[in-house]
Amino acid sequence: MPNVLIYGEIKAGKLKKSAFELASEGRKLADKLGGSLEAVMAGAQSEQYASELAKYGVDKVYVLDSADLETYNSEYYAQALAQVINDKKPEIVLLGHSMQGKDLAPRLAAKLGVAVIADCIGFELEDGKLIGNHPMYAGKCFTKWQALASPQIATARPNVLEVTENSKAGEVEKIAFSADKSRPTYQTKDLNLDTSGKVDLTEAEIIISGGRGMGGDDYTLLEEMAAIFGPAATVGASRAAVDAGWRKHADQVGQTGKTVTPNLYIACGISGSIQHLAGMGSSKVIVAINKDGEAPIFTKADYGIVGDLFKIVPEMNKELKELLAE
Amino acid sequence: MKSVVCLKQVPDTETQIKVNAEGTGIATDGVKYVINPYDEFSVEEALRMKEKKKAGDVTIVAIGPSRATEAIRTALAMGADKGVHIDDEQVNNADPYTVAQTLAAAIKGLEYDVIFCGHRAIDDDFGESGAILAELLGLPQVTLVSKIEVSDDKKSAVAERDVEGGKETVEVSLPCVFTSQKGLNEPRYASLPGIMKAKKKPIDKKTLADLGVTPDPKIKPLSFSMPSERTAGKKFEGLEPAEAARTVVQALRNEAKII
Ligand SMILES: Cc1cc2nc3c(=O)[nH]c(=O)nc-3n(C[C@H](O)[C@H](O)[C@H](O)COP(=O)(O)OP(=O)(O)OC[C@H]3O[C@@H](n4cnc5c(N)ncnc54)[C@H](O)[C@@H]3O)c2cc1C
Ligand SMILES: Nc1ncnc2c1ncn2[C@@H]1O[C@H](COP(=O)(O)O)[C@@H](O)[C@H]1O
């Protein structure tokens, strides 16, 4: 049976939203292939999410219950997923293109002797073969890639695939796993995570970015706006701001930073260089605030305000607070 | 410290990418090529390791057409010692599996304590060759590294890597494959004496046949297309800040229906 398997990533004990995106997409692919949709999750505590996955179309959930999988490790997780895949033989395997997915998917693929159609924003089937739509050059062009070997592995960009409910059984099967420790890997010594619960840039629904026009490292105005929008919003930056040391590297949007696709991108004091536009040009709606009416960012913005961001952002925060309080 | 740096030559980030008439790739006329920015971090880190340990060498391994020689020369001018250039039609535009397989074959004959890849090439944006290479060589991978500290006996390293929402510190035995992330270092520029010296440094040319690799692609590109061109929307100029703010916030709610 040509089945589809998705990987449900657990972050800080919670199932990530991308798992529902993968499930919804996986359901469609499985229906077209006439197979079932299965999910795999690591960690005993992940069993509690089986019913949630079932809501989005998952027929069967494999729970890898193993002490070796308590902390994420590329080698052990890849071994565990490879074991499930070799045993259950899905035709298609989908993972999220998250920080973990980027690390795990190629290692897993190599163990199975295949490559990953990475960072896809859409999928199709042709003669039962998976085709992934993969943006290249940070989104300056799109390419369609076809898998030539089995299993067909792809990662999907977070926040792009549509989530649709479609209740299925979501029956749980526990799978024992013990890592082959003869394969060398690293040991995690320390995990220093931001516990503020802020979403990662690549998964944020709303991004408020500040560039050189911020004039310094005080991003309070933008942080305030993000707080008004709520937990799905976060603050980004241009490379100029990162290079100036105002923001962390992890906050950089663009061709050598992160490619983002939020519903709403608000660029404050950012000119709109080709490298910056490459990273955020696929955002659904773009707002630009810049005092230079000729700034290239305005050619891509759905809504542009020509003016001083220090005068405009506080007014927007006031408006947003009122509107969103309703 | 002996390092191998896998280096790809890619179009400059300034390039206005256009798809060729056949839709089979990008139009290459007038494109300026540079070292993949993440691979530049790798070169710099390898040089710093060699300088710190006051011993060893840095080997550049690049797959690509003849123009890729320029990228290798630039790395040699930065201070790397020698290059391996695999120039073969069958792999110059290959899928990441074939690329990793070819890199693995080229690296097998070399001596090394660490191998560097970029965490992704900014042309194909796959970000997978490093991890596949590590698996093919049976080495650990430490991806997205922004800091590396090698132990005195060169048998292990402590590295910091980016994870979602923070950093992870890991300890790894060497050899291993690191994939470089921004923040690792500030790459140096090639000096004039460096450029002169680079001209005499060896670049070993190889084909797939030399390496005994038979390509067996696992994924293939079907078509290339341009994203729908974004056009300028509404621009508000000359409004009072409060009025401009209200107009746009209302439009986001009522017109774009996004908030
Ligand atoms: C290899 C390479 C890779 C790169 N990768 C990236 C990348 O990934 N991401 C990235 O962002 N850049 C990248 N860049 C850098 C890029 O070329 C630009 O230099 C950078 O994006 C500029 O940042 P900026 O828009 O913040 O600054 P600027 O271009 O200096 O623009 C600042 C803007 O702020 C406006 N402004 C000033 N004060 C105010 C105010 N009070 N109110 C409103 N507006 C104001 C100005 O009018 C101006 O338009 C890369 C460059 C290279 C060479
Ligand atoms: N043609 C190539 N020659 C040498 N190294 C490469 C090549 N392609 C990819 N790599 C290495 O693999 C990394 C990731 O590339 P990719 O998987 O294509 O995004 C790059 O940063 C390089 O270090």
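The values are calculated or read from the model by the stated rules, or taken from the named source; none is laboratory data. Keep in mind that this is a model prediction, so the values were computed, not measured. All Cβ positions, even for glycine, are placed from backbone atoms using ideal geometry, and neighbour counts span all protein chains on display.
In the set B:Lys32, B:Lys53, B:Lys18, B:Lys8, only one residue is more than 29 Å from A:Arg239 (Cβ to Cβ), among the basic types (Lys, Arg) and touching a strand residue (DSSP E or B) at 6+ places or on another chain (Cβ under 8 Å); that residue is B:Lys53.
What do you reckon, is A:Gly269 of a type outside the set (Val, Ile, Thr), in contact (Cβ under 8 Å) with a residue 12 or more places away in the chain, closer than 20 Å to B:Glu164 by Cβ and crowded, with 24+ Cβ neighbours inside 10 Å?
Working: of a type outside the set (Val, Ile, Thr): yes; in contact (Cβ under 8 Å) with a residue 12 or more places away in the chain: yes; closer than 20 Å to B:Glu164 by Cβ: no; crowded, with 24+ Cβ neighbours inside 10 Å: yes.
Criteria not met by A:Gly269.
Total residues in the range B:75-103 satisfying the condition of being assigned to a helix (DSSP H, G or I) and crowded, with 23+ Cβ neighbours inside 10 Å: the figure is 11. Can you tell me which residues in the range B:13-53 are of a type in the set (Ser, Thr, Tyr) and more than 30 Å from B:Asp152 (Cα to Cα)? Residues satisfying the conditions are B:Thr13, B:Thr15, B:Thr24, B:Thr28, B:Tyr33.
Here B:Val177 does not qualify as in contact with a Pro (Cβ under 6 Å, 6 or more places away or on another chain) and either more than 7 Å from chain A (Cβ to nearest Cβ) or surrounded by 13 or more Cβ atoms within 10 Å (Cβ to Cβ) (or both). Within the range B:29-52, the residues that satisfy the criterion of being assigned to a loop (DSSP other than H, G, I, E, B) and either surrounded by 14 or more Cβ atoms within 10 Å (Cβ to Cβ) or in contact (Cβ under 8 Å) with a residue 12 or more places away in the chain (or both) are B:Val31, B:Lys32, B:Asn36.
Only one of the numbered conditions (1) facing chain A (nearest Cβ under 9 Å); (2) more than 20 Å from the chain's Cα centre (by Cα) is not met by B:Met196, and that is (1).
The residues of the range A:197-251 that are of a type in the set (A, V, I, L, M), in contact with a Cys (Cβ under 9 Å, 6 or more places away or on another chain) and farther than 19 Å from B:Leu252 by Cβ amount to a single one, A:Met214.
State all residues of the range A:213-241 that are under 17 Å from A:Val287 (Cα atoms), surrounded by fewer than 24 Cβ atoms within 10 Å (Cβ to Cβ) and within 8 Å of ligand 1 (Cβ to nearest atom); if no residue qualifies, say none. The one that is under 17 Å from A:Val287 (Cα atoms), surrounded by fewer than 24 Cβ atoms within 10 Å (Cβ to Cβ) and within 8 Å of ligand 1 (Cβ to nearest atom): A:Gly213.
Count, please, the residues in the range A:289-304 that happen to be under 22 Å from A:Glu224 (Cβ atoms), within 9 Å of ligand 1 (Cβ to nearest atom) and not in a loop (DSSP other than H, G, I, E, B). Please lay out each step first, then the result.
Within the range A:289-304, the first condition is being under 22 Å from A:Glu224 (Cβ atoms), and the residues that meet it are A:289-291, A:297, A:301, A:303-304.
In the following step, the residues that additionally are within 9 Å of ligand 1 (Cβ to nearest atom) were identified as A:289-291, A:297.
So of that shortlist, the ones also not in a loop (DSSP other than H, G, I, E, B) come out as A:289-290, A:297.
Final tally of qualifying residues: 3.
In this structure, is A:Val235 more than 8 Å from chain B (Cβ to nearest Cβ), under 23 Å from the mean Cα position of the chain (by Cα) and not in a helix (DSSP H, G or I)? Criteria met by A:Val235. The single condition among (1) more than 7 Å from chain B (Cβ to nearest Cβ); (2) of a type in the set (Gly, Ala, Ser); (3) touching a strand residue (DSSP E or B) at 6+ places or on another chain (Cβ under 8 Å) that A:Gly128 does not meet is (3). Among the conditions (1) among the basic types (Lys, Arg); (2) closer than 16 Å to B:Tyr189 by Cβ; (3) within 16 Å of ligand 1 (Cβ to nearest atom), the only one that B:Arg48 does not satisfy is (3). Looking only at residues of the range B:215-259 that are among the basic types (Lys, Arg) and within 21 Å of A:Gly307 (Cα to Cα), we find that the one that is surrounded by the most Cβ atoms within 10 Å (Cβ to Cβ) is B:Arg246.
Would you kindly identify the helices (runs of 4 or more DSSP H) lying entirely within the range A:45-111 that contain at least 1 residues that are more than 19 Å from A:Ala30 (Cα to Cα) and touching a strand residue (DSSP E or B) at 6+ places or on another chain (Cβ under 6 Å)? Steps first, answer last, please.
Numbers: elements: A:50-55, A:74-88, A:99-111.
In the range A:45-111, A:74-88, A:99-111 are the helices (runs of 4 or more DSSP H) which contain 1 or more residues that are more than 19 Å from A:Ala30 (Cα to Cα) and touching a strand residue (DSSP E or B) at 6+ places or on another chain (Cβ under 6 Å).
Contact annotation: no residue pair with Cβ atoms under 7 Å, 6 or more positions apart or on different chains, pairs a residue in the range A:312-326 that is closer than 15 Å to B:Gln250 by Cβ and more than 8 Å from chain B (Cβ to nearest Cβ) with a partner that is assigned to a helix (DSSP H, G or I) and polar (S, T, N, Q).
Looking only at the range A:254-272, which residues are near ligand 1 (Cβ under 6 Å from one of its atoms) and more than 9 Å from chain B (Cβ to nearest Cβ)? Before you say what the answer is, go through the steps one by one.
If we filter the range A:254-272 for residues that are near ligand 1 (Cβ under 6 Å from one of its atoms), which is where we start, we get A:254-257, A:269-271.
Selection gives A:Gly269, A:Ile270, A:Ser271.
Identify all residues within the range A:170-211 that are of a type in the set (S, T, N, Q), under 30 Å from A:Val313 (Cβ atoms) and modelled with pLDDT under 95; write none if there are none. Lay out the reasoning, then the answer.
Initially, the range A:170-211 is screened for residues of a type in the set (S, T, N, Q), giving A:178, A:182, A:185, A:187-188, A:192, A:195-196, A:202, A:209.
Checking which are under 30 Å from A:Val313 (Cβ atoms) leaves us with A:195-196, A:202, A:209.
The answer is A:Thr195, A:Ser196, A:Thr202.
Evaluate the following for B:Ala157: is it among the hydrophobic types (A, V, I, L, M, F, W, C) and without any contact (Cβ under 8 Å) to a residue 40 or more places away in the chain? So B:Ala157 fails the test.
When residues in the range B:76-135 are screened for being of a type in the set (Asp, Glu) and touching a residue at least 40 places away in the same chain (Cβ under 8 Å), 7 of them pass.
Being within 7 Å of another protein chain (Cβ to nearest Cβ) and modelled with pLDDT under 95 is true for just one of B:Glu171, B:Glu128, B:Glu164. Which residue is that? Please lay out each step first, then the result.
Working: B:Glu171 fails: modelled with pLDDT under 95; B:Glu128 fails: modelled with pLDDT under 95.
One residue alone meets the criteria, B:Glu164.
For the subset of the range A:254-283 comprising residues that are within 16 Å of ligand 2 (Cβ to nearest atom) and in a loop (DSSP other than H, G, I, E, B), which member is nearest to B:Ile258 (Cα to Cα)? Taking the candidates together, the pick is A:Thr259.
In the range A:184-203, the residues that are within 20 Å of B:Ala131 (Cβ to Cβ) and more than 8 Å from chain B (Cβ to nearest Cβ) reach residues that are in a strand (DSSP E or B) and modelled with pLDDT of 90 or more with C-beta atoms within less than 8 angstrom, at least six apart or across chains, in these pairs: A:Thr202/A:Lys258. One residue stands out in the range A:109-121 among those that are on the phi < 0 side of the Ramachandran plot and not aliphatic (A, V, I, L, M): the one that is nearest to the other protein chains (Cβ to nearest Cβ), namely A:Lys111.
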